[in-house]
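One structure below.
The values are calculated or read from the model by the stated rules, or taken from the named source; none is laboratory data. Note that the coordinates shown come from a computational prediction; the quantities given were computed from them, not determined experimentally. Positions of Cβ are generated from backbone atoms using ideal geometry, with glycine treated the same way; all protein chains shown enter the neighbour counts.
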Amino acid sequence: MSKDDFGDLPGSVRSFRRCPGCNFDWATGDGVRACSLYDCAYLPAELRVACEWCGFNFATDDGHIRCDHETCPHALQLKANLHTYLRWTEWVAAQRAV
């Protein structure tokens with residue numbers, strides 16, 4: 001895949017980079033992170049896929065569900081972000097391969 005294949009990603013998502021000292025690989029989920037997963041203060045809203053209330057992660061489909069994910073407005077937004085998040089992880093991996 002070329003970087004042109006990811007033109008649908010918002011600019012805020014394309015410009016996001018991990019903080020200095022953070023060794024967490026967002027594309028693979030590997031590495032050490034200084035903060036909680038998806039808790040990065042600089043993570044664009046479009047990449048948020050984990051609920052800050054219950055910790056349920058829509059990218060990995062794990063955590064403790066405390067709401068109806070079909071009606072909760074917060075859960076619906078996080079689920080809507082999932083496509084962008086997955087495209088972004090593909091983009092990160094493609095950038096690494098260049």
Selected residue (only one of 76, 43 is over 16 Å from residue 17 (Cβ atoms) and hydrophobic (A, V, I, L, M, F, W, C)): 76
Would you confirm whether or not the stretch 12-20 contains a residue that is at pLDDT 90 or above and part of a loop (DSSP other than H, G, I, E, B)? no
Conditions first: (1) farther than 22 Å from residue 5 by Cα; (2) buried (at least 18 other Cβ atoms within 10 Å of the Cβ); (3) under 13 Å from the mean Cα position of the chain (by Cα); (4) not basic (Lys, Arg). Residue 75 passes all but one, so which condition is the exception? (3)
Given the criterion touching a residue at least 40 places away in the same chain (Cβ under 8 Å) and small (Gly, Ala, Ser), identify the matching residue among 94, 45. 94
Give just the number: which of (1) exposed (fewer than 14 other Cβ atoms within 10 Å of the Cβ); (2) in contact with a helix residue (DSSP H, G or I) (Cβ under 9 Å, 6 or more places away or on another chain) does residue 64 not satisfy? (2)
